[in-house]
Amino acid sequence: MSTAGRAAADDDGGELERLRAEVRNLRARARVHPLISQAQGILQERYALPDGESAFALLQRASQRYNVKLRTLAGVLVTAPRPDGRATLWFPRRVRGTEPELTFTQAHRSGSGSRSAVLKAVLNSTLAVVGTDMGNVQLTDPARGGLRIEQHTGLTADFVDFFAHVGEDGTACARAARDVAQGTVHDVESDPVFTEPARQAILAAGRACHSVPLTTASGMCVGMVSATRTGPSAH
């Protein structure tokens, strides 16, 4: 191929990737837009704000002030019980309990107890046990149900886009959440748990996966940590 031909092919490839990234961004915004719109309406009614823009500005300020993702804050707003008419505060002041002993995590040793640091440490420890560098942590979505990705590593943008939110069936992580039991898929290509689109999305990254529920002391599933391998599982 000539130099001009290679340059044209590179340009076409770059344009294709740009378009794919744009589609992923649009899908991500479409997923969260209904939730934020619902939160805007609640805020507008609760505080007698003049319009939705004012409600969004309030939501955005709170997100920035308390360093909470806009999506997370909106999810809390639409799922928390509304205060009674006499209450001036919507949420009581948060009382922080003692941090759990997480001696295996770098986050604990470095003194960082943030949720993000703990989830990263859990993911890294799981990947080390499974022997792979691809995986993700999902948390339950109280507003929509199912699971949503909160942390990930080694996965393609297309993978993260497809599995950004999963429902209650059609994937191995959904089955593990439903059964509150860890599970291994030795060969994604032949396992019947997956819908065909989910199967193809995983096969683009790997051939086997392992999912472990994150549970409370009472046994309730609050999230999932999953690892993906490039070859069939040997265990």
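Heads up, I need the accessible area for His33: 1.4 angstrom probe, whole protein in place, Å², nearest 10.
Surface open to solvent at His33 totals about 120 Å².
What's the FRET efficiency of Ala30 with Arg86 using the Cβ-Cβ distance as r and R₀ = 45 Å, to the nearest 0.05?
0.70
Take every Cα-Cα pair in the range 186-227 and report what % of them are more than 16 Å apart.
Counting every Cα pair in the range 186-227, those more than 16 Å apart make up 46 percent.
Using a 1.4 Å probe over the heavy atoms of the protein chains, calculate the carbon and sulfur portion of the accessible area of the range 157-216 as a whole percent.
Reported share for carbon and sulfur atoms: 52 percent.
Not counting ligands, DNA or RNA, and with a 1.4 Å probe, what is Lys69's accessible surface area in Å² rounded to the nearest 10?
Roll a 1.4 Å probe over it and Lys69 shows about 110 Å².
Could you tell me the largest-minus-smallest coordinate of the C-alpha atoms of the range 140-185 on each of the three principal axes, in descending order and whole angstroms?
28, 28, 17
In nm, to one decimal, how far is the modelled label at Tyr47 from the one at Leu203, with both set 7 Å along Cα→Cβ?
So the two model labels end up 5.0 nm from each other.
If you filter the range 175-211 for trypsin sites (Lys or Arg not before Pro), then keep DSSP loop positions with at most 15 other Cβ within 10 Å, what is left?
none
Roll a 1.4 Å probe over the protein heavy atoms and report the accessible area of Glu45 in Å², nearest 10.
Looks like 110 Å² after rounding.
Suppose each label sits 7 Å from its Cα in the direction of the beta carbon; what would the Ser125-Arg65 distance come out to in nanometres?
3.5 nm
The values are calculated or read from the model by the stated rules, or taken from the named source; none is laboratory data. These figures come from a predicted structure and were not determined experimentally. No Cβ is skipped: glycine too gets one built from the backbone with ideal geometry, and neighbour counts run over all protein chains shown. Side chains included, ligands, DNA and RNA excluded: accessible areas come from the protein's heavy atoms. Shrake-Rupley method; radii C 1.70, N 1.55, O 1.52, S 1.80 Å.
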